[in-house]
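For reference, the structure discussed in these notes is given below.
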Amino acid sequence: MAAPAQHSAPSPAPSPASHRPWHWTVSVPAGAALLLVVTWGRDLPPVLVAVVAVLLGGAVLAAVHHAEVVAHRVGEPFGSLVLAVAVTVIEVALIVTLMVGGGDKTATLARDTVFAAVMITCNGVVGLALLVAALRRQVAVFNAEGTGGALATVTTLATLSLVVPSFTTGRSTPEFTSPQLAFAALASLGLYGLFVAVQTVRHRDYFLPITTSGRIVGAEEHAAPPTDRQALTSLGLLLVALVAVVGDAKTISPAIERGVAAAGFPQAVVGVVIALLVLLPETVAAVRAARRDRVQTSLNLGYGSAMASIGLTIPAIAIASIFLDGPLVLGLGPTEMVLLALTVVVGTLTVVPGRATLLQGGVHLAVLSAFLFLAVSP
């Protein structure tokens, strides 16, 4: 391998102060979690909504910090997998909790949330990462083999879980029958498990960052990695921060609903706003990785989060459906299917060369803008 012509900035070494009780990366998630306990299930006044929103933003930044500490300790692609799976598990728990007590009004909640997550990650996270990397280094470089496999898996999962229900004939509505839902759940879980095995064991090198000089960034780093104790502490604080992010997003959702209703927007906009809040940690982490010339890490986060959102949500919903009284509508409408097809085509054309410019980043963000606009004005 040729010697690198330049070195990208290493991940910052974790400071011991970041694990002390008074440091903001500890105190902010703890405060956000405590406020979550105090405010859960209550109708908040505008001032308290603002306080929750500020702490939610701080918890997002703390989550990114602790995810980077864990990632520095375990290396890629395990680091990006930790953040993607942690966020998705908590998101799935929130969806299931809302659906169990929601009745018919939550029939499309799983579909709307998963589709919003796919559009935000595959267009927003990926587009922002490519844009930031191209602005700093003219060309964003990544591994086409690994990213192509991730995109293919996301496409298959999204089609089986969100498109096929609109064409099956077992029900008069875009729903799976019980055997069809069981098959979709097993297929989703199996594909996700297969991808994780390929990503972390068999073809791990396909998912390691590549700098613009052609250097593969492996486990080695210029900065000393954190100790096991620091990594475990950050892992615990990461989970606390993510619980606070998702829980506080749910706490302020009534205020969001009132604002959406006052503006005359469709109810589905509430799910989009909450998905944007929940996916903030991945978005911030992906942009920061792109700034350090680690575009592959950003794409691992984007496509990995989309994949985990489907691969973990559908099996969880399939199990929860045993206890659900209302219908479970998973099939997308025509507009959403067009946007999903456009996302797949654009993503494929972006991934195949293994290099991207400002144009590809802008195109992805244009697709995200179309999704957000059509969610508001369908």
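Taking the fewest neighbouring Cβ atoms within 10 Å as the starting point, the ordered list for V376, V38 is V38, V376. For the listed peptides 249-260, 298-309, 123-134, a ranking on the average number of other beta carbons within 10 Å per residue, highest first, reads 298-309, 123-134, 249-260.
The slack in the chain from L135 to L186, taken as 0.36 nm per residue of separation less the alpha-carbon distance, amounts to 14.2 nm. Here V38 and L232 are evaluated by their C-beta separation; at R0 = 25 Å the FRET efficiency comes out at 0.35.
Distance between the modelled labels on S27 and V74, one decimal in nanometres: 3.0 nm (7 Å Cα→Cβ projection). Here r is the Cβ-Cβ distance between L342 and V54 and R0 is 45 Å; the resulting FRET efficiency, rounded to 0.05, is 0.80.
Rule-based calculations on the coordinates, nothing more; no lab input. The shown structure was predicted, so the numbers you read here are calculated from the model rather than taken from an experiment. In this analysis, Cβ positions are derived from the backbone assuming ideal geometry, glycine residues included, and neighbour counts consider all displayed protein chains.
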